[in-house]
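One structure is given below, encoded as structure tokens.
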Amino acid sequence: AQSVTQLDSQVPVFEEAPVELRCNYSSSVSVYLFWYVQYPNQGLQLLLKYLSGSTLVKGINGFEAEFNKSQTSFHLRKPSVHISDTAEYFCAVAKEYGNKLVFGAGTILRVKS
Amino acid sequence: DTEVTQTPKHLVMGMTNKKSLKCEQHMGHRAMYWYKQKAKKPPELMFVYSYEKLSINESVPSRFSPECPNSSLLNLHLHALQPEDSALYLCASSQEPNSPLHFGNGTRLTVT
């Protein structure tokens with residue numbers, strides 16, 4: 001079975017600073033990897049996805065993530081954050097030939113001015 | 001704006017009530033999902049419908065009953081819920097099973 005570990009429950013960062021949100025996964029089969037963002041009192045919005053191909057994936061709002069198969073990681077990065085990036089971020093994994101998405105526990109990104 | 005619409009946004013119900021949550025998408029997606037999200041927790045999968053047929057039931061108690069009347073609609077019928085069932089219920093859809101999910105904004109359910 002797949003599982004996802006988000007290593008930080010909260011990440012405080014100052015505005016315009018870079019940020020990295022860490023995600024590690026475990027799976028015995030090939031997987032699809034996703035990052036979702038959830039703003040307060042809203043549903044989840046897809047930031048980016050890795051299905052195959054290039055290991056550097058660019059998403060919306062200036063975010064990018066790098067798939068590292070040897071380290072089983074899919075860390076999310078942004079070179080310069082804004083106050084509006086304050087939200088909860090979920091890493092998720094899906095089995096290649098299944099449709100069961102498993103989420104990590106989430107990381108709350110708090111951007112301070 | 002989300003392309004997956006969930007109604008109502010908020011629902012308060014007693015333990016003896018029967019109510020339904022509704023989800024609608026018009027993107028032509030063929031897979032639809034119900035997730036439950038407790039406070040400060042990640043979403044947990046409840047049900048998956050693929051091509052209007054129930055394909056996954058994550059051992060959800062029978063007081064939750066899903067229904068997919070057509071490819072655009074997904075309902076979740078609620079009966080005899082417990083206070084611990086209070087949560088945000090999220091609907092999602094995807095073009096095909098295993099495609100990225102598009103989520104609605106959820107229904108915040110409180111069981112009294």
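Here are the numbers for the structure shown:
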quantity	calculated
Scope segment B:51-101; condition in a strand (DSSP E or B), crowded, with 17+ Cβ neighbours inside 10 Å and of a type in the set (Ser, Thr, Tyr); matching residues	B:89, B:93, B:94
Test for residue A:9: is it in contact (Cβ under 8 Å) with a residue 12 or more places away in the chain and at the interface with chain B (Cβ under 10 Å from one of its Cβ atoms)	yes
Residues within segment B:71-93 that are touching a residue at least 60 places away in the same chain (Cβ under 8 Å) and either over 20 Å from residue B:28 (Cβ atoms) or among the hydrophobic types (A, V, I, L, M, F, W, C) (or both), tallied	10
Some residue of segment A:43-60 being over 30 Å from residue B:57 (Cα atoms) and buried (at least 16 other Cβ atoms within 10 Å of the Cβ)	yes
Residues of segment B:10-31 that turn out to be modelled with pLDDT under 95 and within 11 Å of chain A (Cβ to nearest Cβ), as a count	2
Filter result for residue B:86 (touching a strand residue (DSSP E or B) at 6+ places or on another chain (Cβ under 8 Å), modelled with pLDDT of 95 or more, more than 21 Å from residue A:47 (Cα to Cα) and polar (S, T, N, Q))	yes
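Residues are listed down the side, and each one gets a yes or a no for (1) of a type in the set (Asp, Glu); (2) within 19 Å of residue A:94 (Cα to Cα); (3) at pLDDT 95 or above:
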residue: A:15; (1), (2), (3): yes, no, yes
residue: A:24; (1), (2), (3): no, yes, yes
residue: A:30; (1), (2), (3): no, yes, no
residue: A:35; (1), (2), (3): no, yes, yes
residue: A:42; (1), (2), (3): no, no, no
residue: A:50; (1), (2), (3): no, yes, no
residue: A:54; (1), (2), (3): no, yes, no
residue: A:62; (1), (2), (3): no, no, yes
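The values are calculated or read from the model by the stated rules, or taken from the named source; none is laboratory data. Since this is a predicted model, take the numbers as computed values, not measurements. Ideal geometry is used to build each Cβ from the backbone, glycine not excepted, and the neighbour counts take in all protein chains shown.
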